[in-house]
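The values are calculated or read from the model by the stated rules, or taken from the named source; none is laboratory data. Predicted model, so just to flag it, every value in this text is computed and none were measured. Every residue, glycine among them, receives a Cβ derived from its backbone with ideal geometry; neighbour counts consider all protein chains shown.
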Amino acid sequence: MPLLSPDLGRPPPRRHSKVRDMLMRGKDDTLVASWKLLLEQLRSEIELTLRAGPAIFPSLHFNDLKSKSRANDFSCQLRRSGGGVIRGVISESEARTWNSELQAYLAGDDSLASSSAQDPQLYDVYWSPAQVKCRAHPNVLASQKFLMSLWSSSNHTAAISHNFPLSYADRIRHRNPSDSSFLLRPSIEGDSADRWCPDDSREAFTYKKIWEGNWQNYDPWDSTTRIQTPKHSAQNRNSSSMFRMFQGWLPLSPLPESQGSLRLCPMLQATTAYVLLRPLFSPINSSPTSSEFLSAQNWTLNLRVHLQSLPPPLTGRS
């Protein structure tokens, strides 16, 4: 797993620089103005996040999915934060039973060795009976269908459906209590690196609004452009051809806060814009802990990123 390896990976392909230059051409002033607005938004949202703490992520009991008002409130908050918790999807007794079955399954086959030297608790097991029961449980499917309904499509003829849950089989992580060996670095889900590139039409790509200097109107929940990934994305060995609308964890045992649970950044729209635009700017004070780090006066457009040398003149011409 790359996220467990100290190797930060190879530099991005040269094509990324060419595409980036094409996207930025003639937009210096627009992007600078957009960046200043983004810094203001980030300061505001960081303050809100610090005040709210974990409550910044919405939580809803499965039975409350039947309540239109509660489900709508949950949906609005989740669209903003990018993550949430649905509790009570399965009963505690079912979870304990499946957990016991899973432990017995792993212990009963010596060939089921851990898939990671860095984490001996991660197993390349995808279709154990307990996993199949989890994925096929009607409440799990109902939760998935509800979450998929948060997505929309600006193109009503797009070849995508938000109504039929499909299971993307993943591995088992059987974590020991208070373990600290499995620590993921901050990461962005695979395939995202290529979704900022335009497709062959140079029009339909996921982050178009951000590159136009209009990140405020970027809709993270529009699925239309996400199904038109550039062809070269398929060359990435870590890519998946399946569009995963959500990544969900179903714990089968109690999971205390900060004891193996995910840690997410709850500023979906703003942080997406920041990740894309940040390489184009250089800070004067580069310390993220400085009170001036997100000040507009602390940043300058990094012209070296996209300015190119003129080609040499032809012989006999000026």
Inset, instruction - State which residue pairs qualify: first residue surrounded by 15 or more Cβ atoms within 10 Å (Cβ to Cβ) and modelled with pLDDT of 75 or more and inside the range 200-217, second residue assigned to a loop (DSSP other than H, G, I, E, B) and basic (Lys, Arg) in any location, beta carbons under 8 Å apart, and separation of 6 or more residues or different chains. - result: Trp211/Lys27; Glu212/Lys27; Gly213/Lys27
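Residue under question is Pro288, and the condition is that it be surrounded by fewer than 12 Cβ atoms within 10 Å (Cβ to Cβ) and not hydroxyl-bearing (Ser, Thr, Tyr); does it hold? Can you show your working first?
Working: surrounded by fewer than 12 Cβ atoms within 10 Å (Cβ to Cβ): yes; not hydroxyl-bearing (Ser, Thr, Tyr): yes.
Considered against the rule, which asks whether it is surrounded by fewer than 12 Cβ atoms within 10 Å (Cβ to Cβ) and not hydroxyl-bearing (Ser, Thr, Tyr), Pro288 comes out as yes.
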Legend entry - Qualifying residues in the range 254-272 (those that are assigned to a loop (DSSP other than H, G, I, E, B), among the hydrophobic types (A, V, I, L, M, F, W, C) and in contact with a helix residue (DSSP H, G or I) (Cβ under 9 Å, 6 or more places away or on another chain)) - the one modelled with the lowest pLDDT: Leu264
Inset, instruction - From Ser75, Ser44, Ser100, Ser93, grab the single residue that is hydroxyl-bearing (Ser, Thr, Tyr), part of a helix (DSSP H, G or I) and under 20 Å from Phe246 (Cβ atoms). - result: Ser75
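Out of curiosity, is Asp28 at pLDDT below 95, touching a His at 6+ places or on another chain (Cβ under 7 Å) and not aromatic (Phe, Trp, Tyr)?
Values: at pLDDT below 95: yes; touching a His at 6+ places or on another chain (Cβ under 7 Å): no; not aromatic (Phe, Trp, Tyr): yes.
So Asp28 does not fit the description; no.
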